[in-house]
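Read-outs throughout are calculated quantities, based only on the coordinates presented, and are distinct from any laboratory measurement. Predicted model, so just to flag it, every value in this text is computed and none were measured. Cβ coordinates were reconstructed from backbone atoms using ideal geometry, including for glycine residues, and neighbour counts include every protein chain displayed.
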Amino acid sequence: MQAVTVGSPKGVHAAFDALEMHWAVVWKGRFIDAMTTWEERAMTPAKPLGTLGPVLPPRMPLARLKSASDGWPEAVGEAAGYHYSGYRLDKDGTPIFLYEVGGLKVEDSMSSAPKGDGLLRKIKITGASDAVAEGWYYLGLGKAAQPESVSLTKGMVEFEEYIKF
Amino acid sequence: MRKYLSSGLPMLAALLMAHLPSVARAVGSNPAYTVTPYVLPDGVKLEASGLALLPDGRLAVSVRKGEIWILEHPEADPTDAKAVGYRLFASGLHEPLGLLWHDGALYTVQRSELTKIRDTDGDGVADEYLAVAKGWGVSGNYHEYAYGPVLDRDGNFWITLNASMGGPVKLAGHRMQEKHWRGWAVSVSPDGKLSPMSAGLRSPCGIAVNEEGDVFCTDQQGNWWSTNPLLHLRKGAFFGHAESLPDAQLPESPVADPGKLPQGITVVEASRQVKGFALPAVWFPYVKAGQSPTGWSATSRAESLVRLRSRCSWGSLFFLA
């Protein structure tokens, strides 16, 4: 994992794995203590402080399937055909992670839910044409999530998921 | 990476290769360079790891704890922090060890990627952190420092990667099995293609180019290095540190796998026996000419310094002390 941690003043936080290109950990309370990354040579990893939220499945959000009932692929990151492009900060400083797969461009972010009782995950998918997304499915992070067809309108579609904890 | 600058901007200390006995004196005081201590604003700690002069005269400074600061008026009274104007430009970086201004953006090498950083809305603070290239192995071992980038004459970025010290660390959640290209210099084309170039490095923390666009780096005394060298990096060269060799067997490697390295012979003998072995451009006598050479720059402009004429034809050498 190459974690990019995203903290919020509302006390709900998340870590994105820039190596495998999916969300890895969510938690609430205190953020992280980065001291261990520079205090000594040993450089032990920084751990989330506070209380962990639901365990997130280590899988990619988009996959090309024959039908919605197919098994979700296990491959992650570049092995799944994804390419990491970095992130952009929106006006309030929230990082929007950028990656690509199969001609689709993805913008993926987590921000605190309005009441502060969890996170709002937003994923925006764009393509050069609506046909690029043919055969592609989106799968959310929750236990009850089911694959949903990615159908672009004017080259774009958005999904939202409320991760309450 | 033994020594970081503890505060302020790096002091430039001249190291006159042609006059090694005078080095100790040169570090103390030398008419060839000026030391300008900057008085920093309260709470700002500039553990400088990279400097980049912007076209408009501003100075960008990367710091190892993950930030880039911009000095708005570096030429102002250095004791007046307000006049100099310190602005936090970028943050949240993972140990940036180098800084380059290129094509309207700042480029730095984080532990795991080459990153292009821009302020796209003009508010003076970076809002775009694009990954230009990644893909070298990072296991979590403390010694996996990554340095650069610098640009060669063809417009490719060069990055140097420490050998891991000991085995890779398998952290919780670690699923990437390979940790390739540790102890290598790699290049990145303008379109982001990563290519391994030279092997056999240990802790190659001082990477820079001369005025002709040749890429060099310093390395650090330790296992496989009896003293500190300055290395002329180029495609296919192997400089002697053995930990990088397993990757020479990979199809992408431009370095021929030399097989088992001979033991108990001098480096010069090894350079004759080992296929592809490249000797350093310069050996620095240990302690007498520095203990941990870091960044450097080649210049021919300092007229008061004796120019070094070598086969690499670079000018006077400066060391960041």
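With a cut-off of at most 16 other beta carbons within 10 Å, and DSSP calling the residue loop, which GluC sites (Glu not before Pro) in the stretch B:51-105 qualify? Please list them.
B:GLU72, B:GLU75
Of the cross-linked pairs A:LYS28/A:LYS143; A:LYS28/B:LYS134; A:LYS66/A:LYS105; B:LYS235/B:LYS260; B:LYS134/B:LYS235, which ones have a Cα-Cα span greater than 24 Å in the structure shown? Could the numbers behind the result be given before it?
Details: A:LYS28/A:LYS143 19 Å; A:LYS28/B:LYS134 30 Å; A:LYS66/A:LYS105 21 Å; B:LYS235/B:LYS260 21 Å; B:LYS134/B:LYS235 19 Å.
Exceeds cut-off: A:LYS28/B:LYS134.
Per DSSP H run of at least 4 residues, take -39500 (n - 2.57); add these up for the protein assembly as shown, divide by its residues and hand me the 222 nm value, nearest 500 deg cm²/dmol.
On the way: 3 runs with 17 residues, N = 486.
Result for the protein assembly as shown: -1000 deg cm²/dmol, rounded to the nearest 500.
Springs between alpha-carbon atoms under 10 Å, Gaussian network over chain A: tell me which of A:ALA34, A:ALA75, A:ALA15 tops the mean-square fluctuations.
A:ALA34
For Cα pairs less than 8 Å apart in space and 6+ apart in sequence, what is the mean separation divided by the residue count of the stretch B:67-146, i.e. the relative contact order in percent? Each step should come with its number before you reach the end.
On the way: 135 pairs, mean separation 16.4, N = 80.
Rounded, it is 21 percent for the stretch B:67-146.
Evaluate peptide A:84-90: per residue, the Cβ atoms of other protein chains within 10 Å of its Cβ; return the mean as an integer.
Mean partner shielding for this stretch: 6.
Over 26 Å between C-alpha atoms is what I'm after, so list which of A:LYS47/B:LYS65; B:LYS179/B:LYS288; B:LYS45/B:LYS288 land there.
From the list (A:LYS47/B:LYS65; B:LYS179/B:LYS288; B:LYS45/B:LYS288), the Cα-Cα distance tops 26 Å for B:LYS179/B:LYS288; B:LYS45/B:LYS288.
For B:LYS275, give me every one of the aspartates and glutamates with a C-alpha distance below 19 angstrom, ignoring sequence neighbours fewer than eight places off in its own chain.
B:GLU243, B:ASP247, B:GLU252, B:ASP257
For the stretch A:97-165, what does the relative contact order come out to in percent, with C-alpha contacts under 8 Å and a separation of six or more?
Details: 132 pairs, mean separation 21.8, N = 69.
Reported as a whole number, the value is 32 percent.
Which of B:LYS45, B:LYS275 has the fewest other C-beta atoms within 10 Å, and how do the rest follow up to the most?
Details: B:LYS45 13, B:LYS275 10.
Ordered by Cβ neighbours within 10 Å, fewest first: B:LYS275, B:LYS45.
Quote the relative contact order of the stretch A:13-53 in percent (integer), defining contacts as alpha-carbon pairs under 8 Å separated by 6+ residues. Let's see the in-between values first.
Details: 60 pairs, mean separation 15.3, N = 41.
Averaging sequence separation for qualifying contacts and normalising by length gives 37 percent for the stretch A:13-53.
In Å, what is the Rg of the alpha-carbon atoms in the protein assembly as shown, and how long is Dmax?
24.3, 77
How much net charge surrounds B:ALA83 when only other residues with a Cβ under 13 Å from its Cβ are counted (Lys, Arg +1; Asp, Glu -1)? Walk me through the intermediate numbers first.
Numbers: positive: B:LYS82; negative: B:GLU72, B:GLU75, B:ASP77, B:ASP80.
Charge balance in the 13 Å sphere: -3.
Quick check: net charge around B:PHE239, other residues with Cβ under 11 Å of its Cβ, Lys/Arg +1 and Asp/Glu -1?
On the way: positive: B:ARG202, B:ARG234; negative: B:ASP219.
Once positives and negatives cancel, what remains is +1.
Can you give me the long-range amide H partners of A:GLY118? Hydrogens built in the peptide plane at 1.01 Å from N, cutoff under 5 Å, separation of 5 or more residues or another chain.
A:ALA113, A:PHE165
Between B:SER91 and A:ALA128, how high is the FRET efficiency from 1/(1 + (r/R0)^6) when r is the Cβ-Cβ distance and R₀ = 30 Å? Nearest 0.05.
On the way: r = 34 Å, r/R0 = 1.13.
The pair B:SER91/A:ALA128 has a calculated efficiency of 0.35.
Post the alpha-carbon centroid distance, the stretch B:88-157 to the stretch B:214-247, in whole angstrom.
Spelled out, the Cα-based centre of one part sits 23 Å from the other.
What ranking do B:VAL282, A:VAL6 get, fewest neighbouring Cβ atoms within 10 angstrom at the top? Provide the component values of the computation, followed by the final result.
Values: B:VAL282 20, A:VAL6 24.
Starting with the residue having the fewest Cβ neighbours, the order is B:VAL282, A:VAL6.
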